[in-house]
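*Asks:* To start, I am sharing the structure in question, which I have written as structure tokens.
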Amino acid sequence: MADRRYDAVVVGGGPNGLAAAVTIARAGRSVVVLEEKDTVGGGARTREITLRGFWHDICSAVHPLGISSPAFRRWPLARYGLEWLHPEVQLAHPFDDSTAAELHIDIDATAARLGRDEGRYRALMAPLARDFDAIARDALGPILRPPRHPIALARFGAPALLPAATLAQLLFREREARALFTGMAGHAMVDLRSLQTASFGLMLGASGHARGWPVARGGSESIVRALAAYLRDLGGEIETCRPVRSLADLPPARATLFDVTPRQLIAIAGPELRGTYRKLLGRFRYGPGVFKVDYALAGPMPWTAEGCRRAGTVHLGGTMEEVVASEARTAAGSLAARPLVVVSQQTVADPARAPSGQHTLWAYCHVPHGSRTDATAAIEGQFDRFAPGWRDLVLQRATTDTAALEAYNANDVGGDISGGAPDGLQLLFRPVPKLHPYRTSIPDVYLCSSSTPPGGGVHGMCGYHAARDALAHSLGG
Ligand SMILES: Cc1cc2nc3c(=O)[nH]c(=O)nc-3n(C[C@H](O)[C@H](O)[C@H](O)COP(=O)(O)OP(=O)(O)OC[C@H]3O[C@@H](n4cnc5c(N)ncnc54)[C@H](O)[C@@H]3O)c2cc1C
């Protein structure tokens, strides 16, 4: 490789780096991906981290954004082994009385369990689900461009500006809809009393009704394996164990795209970055981290709410008031005693991830940025509350704190899994307010990670848009 000149070099083989490389290779340009670890994948790898035969998603597990990604949908990834598997219940949110709100792809089936909020929930979600493809094309892209579907986007956009807690309180009367909505909005990892947090509840709810919250057969790694295999078929190259620490480590190329966050770009290219851009990049804010626990279980979780047993994802947080309070507490810098715990039971939809009759369980809660607090007891306290007796099933457990997460993937700064706080101006203008957010101040050098629009999640759209910009601006269209 040393002598070869490429049209483009991509640094980092996460979902966005690979999506960027695929976009460039599809345009007939030569491209190489340099990944510092021994496999590509970033936040989408799957490993036997507890016992043999139990395949755990190290990072991402549930893919409402992956299945909705306009880029992934356009590419022939199924031919390369990507298959989405749906649980019967996409998401369940249990309460102390052994009932649960349930998100089904079918809006009526979801609304029917929401009591007096049945009509209001349907009125909120039905138009968003109907127009979801149009909304996704606009919402999963850079903000400073004319929307292709302004009416659909406005229908999404107006309520999306509100705090999630406010929208839930204004719109819904009952515990179920309020908790279901704020639980989804909790994926923002931001105080749910802040502006724009409703956008997460709306986007994740609408994607649930339009496409579901699936897992990838065999593990999230199947997504990046499919991207990598497609890239190679297009003539793209991948080199692993290739850390890039300075611009001097790069082979000659007409364009370079970095699947890293601003802090890393400053470390790699600092002296070359121009004054104002560098100053703004240095002000980029990282958000709270996560503390994660993976379990190998001898049997299915004994949830007291029946819907949870059939669900792919379970949100353990109790009522809206509890969810809002726990996220506010994390944002203020301490761990809630009863945090919102996001649980994935991949084996409900994909039983082959564990030996016959046994299960994997994936769970995390939000913790303050860089926190070294062990949140295992807080997470397990929520399991005791909603699935008493579960401890008898535990065969093995693996925990990951914010430092371990960052050591595993340098992009998870302080345990932040979103590539930077998705709030305030930074939700819309990432990494800095700029007409062309993917371009850095160095000519032909781009950022393509989740620190750029549209932000966190395994959807590849940051890479796709960055690559399109690089093709237009540096690679002759
Ligand atoms: C615990 C956890 C749970 C999550 N759950 C979900 C979920 O359920 N659903 C979902 O959609 N998303 C989830 N996410 C978020 C998702 O994984 C990320 O948003 C996504 O992976 C971002 O993709 P990316 O390509 O921007 O960066 P990453 O996936 O972080 O990839 C960056 C890559 O660049 C490499 N790299 C970094 N620096 C260098 C360097 N200097 N030289 C060479 N290579 C380098 C890294 O090794 C890595 O492979 C989760 C993340 C975590 C950590």
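*Asks:* Suppose the chain between ARG283 and ARG193 were pulled fully straight at 0.36 nm per residue; how much longer would it get relative to their current alpha carbon spacing?
*Replies:* This chain segment gains 30.1 nm when fully extended.
*Asks:* Nearest 500 deg cm²/dmol is fine: what mean residue ellipticity at 222 nm does the chain get from its DSSP H runs of n ≥ 4 alone, each adding -39,500 (n - 2.57), divided by its residue count?
*Replies:* -10000 deg cm²/dmol
*Asks:* Find how much the distance from ALA248 to ALA352 grows on full extension, using 0.36 nm per residue of separation minus their present alpha carbon separation; answer in nm with one decimal.
*Replies:* 33.0 nm
*Asks:* Which ³J(HN,Hα) values in Hz, rounded to whole numbers, follow from the phi angles of the stretch 181-198 under the Karplus curve 6.51 cos²θ - 1.76 cosθ + 1.60, where θ = phi - 60° and Gly and Pro get x?
*Replies:* 5, 6, x, 5, 5, x, 5, 5, 6, 9, 3, 6, 8, 8, 4, 6, 5, 4
*Asks:* Under a 1.4 angstrom probe, counting protein chains only, how are ASP97, ASP294 ranked by accessible area, largest first?
*Replies:* Greatest to least solvent exposure: ASP97, ASP294.
*Asks:* What residues qualify as long-range amide H neighbours of VAL367, i.e. H under 5 Å apart, gap of 5 or more or another chain, H built at 1.01 Å from N?
*Replies:* Placed amide hydrogens put GLY289, VAL290, PHE291 under 5 Å from VAL367.
*Asks:* Based on Cβ point charges of +1 for Lys and Arg and -1 for Asp and Glu, what charge dipole magnitude is obtained for the chain about its Cα centre, in debye rounded to the nearest 20?
*Replies:* About 1240 debye.
*Asks:* Please compute, for the alpha-carbon atoms of the chain, the extent along each of the three principal axes and give them in descending order in Å.
*Replies:* Per principal axis, max minus min of the Cα coordinates gives 65, 50, 42 Å.
*Asks:* Give me the one-decimal nm value for the distance between modelled label points at ARG47 and ALA267, 7 Å along each residue's Cα-to-Cβ direction.
*Replies:* Result for the modelled spin labels: 1.9 nm.
*Asks:* Additional query: How large, in percent, is the carbon and sulfur part of the accessible surface of the chain at a probe radius of 1.4 Å?
*Replies:* C and S atoms contribute 52 percent here.
*Asks:* Amide H neighbours of ILE49 under 5 Å, counting only residues 5+ apart in sequence or on other chains, H built in-plane at 1.01 Å?
*Replies:* Counting only residues 5 or more places away or on other chains, the set is HIS56.
*Asks:* Here is a follow-up. Could you tell me what percent of the DSSP beta bridges with both partners in the chain are antiparallel, to the nearest 5?
*Replies:* Counting only bridges with both partners in the chain, antiparallel ones make up about 65 percent.
*Asks:* Tell me, how many Å apart are the Cα centres for the stretch 10-69 and for the stretch 415-435?
*Replies:* So the separation of the two Cα centres works out to 21 Å.
*Asks:* Name the residue farthest towards the positive end of the dipole of the chain from the options VAL33, THR304, GLY115, assuming +1 on Cβ of Lys and Arg, -1 on Cβ of Asp and Glu, about the Cα centre.
*Replies:* Working it through, the farthest residue towards the positive pole turns out to be VAL33.
*Asks:* Using modelled amide H (1.01 Å from N, peptide plane; none on Pro or chain starts), what sits under 5 Å from the amide H of VAL244, excluding residues fewer than 5 places away?
*Replies:* Hits under the 5 Å cutoff: none.
*Asks:* Keeping every protein chain present and rolling a 1.4 Å probe, give me the accessible area per residue for the chain in Å².
*Replies:* 36
The values are calculated or read from the model by the stated rules, or taken from the named source; none is laboratory data. Bear in mind that the values here come from a model prediction, so they are computed numbers and not experimental data. Ideal geometry is used to build each Cβ from the backbone, glycine not excepted, and the neighbour counts take in all protein chains shown. When the accessible area is computed, the model is the full protein with side chains, heavy atoms only, and any ligands, DNA or RNA have been set aside. Shrake-Rupley method; radii C 1.70, N 1.55, O 1.52, S 1.80 Å.
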